[in-house]
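Shown next, in structure tokens, is the structure this report addresses.
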Amino acid sequence: MDLHDVIAKYQDEKKLHHFEGSSGIQNLCKLLGDMGYHDRMNRMGHYGDQPLGNLVDFLEDNPGAMEAIITWIGDQDNEEWKENLKSELPIEGECEECGAPLETFMKDIDGINLEEVHGCPNCDS
Ligand SMILES: [Zn+2]
């Protein structure tokens, strides 16, 4: 499965097919966040001394530019983005031991902390 396929599945799963106008910007930001890009510096507002909203305005008015970004992302051979997006997808398949469908769930790992694991919720896998 290449990155284009992962993005297509991700878009189906998250219903993120719309890349136009302000909801398109939100969808693009969601996709980028799930790829691993978060506004960690909380720059929204200004970037340096320029309004970051200029970029948002441009993308809002130019859905083709947003589509080009999505296509460009898919063209990159980036394992990290792929893994990050795949982790947002439901797991397909079933447990070899009990036959239950595999899923993502929170598991108690040491009696204190929960950790997100992928596997069978019934068996210790
Ligand atoms: Zn099982």
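The values are calculated or read from the model by the stated rules, or taken from the named source; none is laboratory data. None of these values were measured; they are calculated from a predicted model. FYI the Cβ positions are ideal-geometry reconstructions off the backbone, even for glycines, and counts take in every protein chain you see. Surface areas here come from the heavy atoms of the whole protein model, side chains and all, with no ligands, DNA or RNA. Shrake-Rupley method; radii C 1.70, N 1.55, O 1.52, S 1.80 Å.
What to note about this one:
- Residue in the stretch 26-48 that is in contact with a Gly (Cβ under 8 Å, 6 or more places away or on another chain), under 16 Å from residue 72 (Cβ atoms) and surrounded by 14 or more Cβ atoms within 10 Å (Cβ to Cβ) present: no
A quick yes/no check of all residues on (1) open to solvent by 90 Å² or more (accessible area, probe 1.4 Å); (2) part of a helix (DSSP H, G or I); (3) polar (S, T, N, Q); (4) away from the ligand (no atom under 16 Å from the Cβ):
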position	(1), (2), (3), (4)
56	no, yes, no, yes
77	yes, no, no, yes
82	no, yes, no, yes
85	no, yes, no, yes
92	yes, no, no, no
112	yes, no, no, yes
118	yes, no, no, no
123	no, no, no, no
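- Some residue of the stretch 6-25 being within 21 Å of residue 118 (Cβ to Cβ), loosely packed, with under 15 Cβ neighbours inside 10 Å, within 17 Å of the chain's Cα centre (by Cα) and not aliphatic (A, V, I, L, M): yes
- Some residue of the stretch 62-69 being within 16 Å of the ligand (Cβ to nearest atom) and without any contact (Cβ under 8 Å) to a residue 12 or more places away in the chain: no
- Filter pass, residue 45 being touching a strand residue (DSSP E or B) at 6+ places or on another chain (Cβ under 9 Å) and at positive phi: yes
- Scanning the stretch 72-104 for residues being without any contact (Cβ under 8 Å) to a residue 60 or more places away in the chain and either of a type outside the set (Phe, Trp, Tyr) or over 12 Å from residue 7 (Cα atoms) (or both) gives a total of 19.
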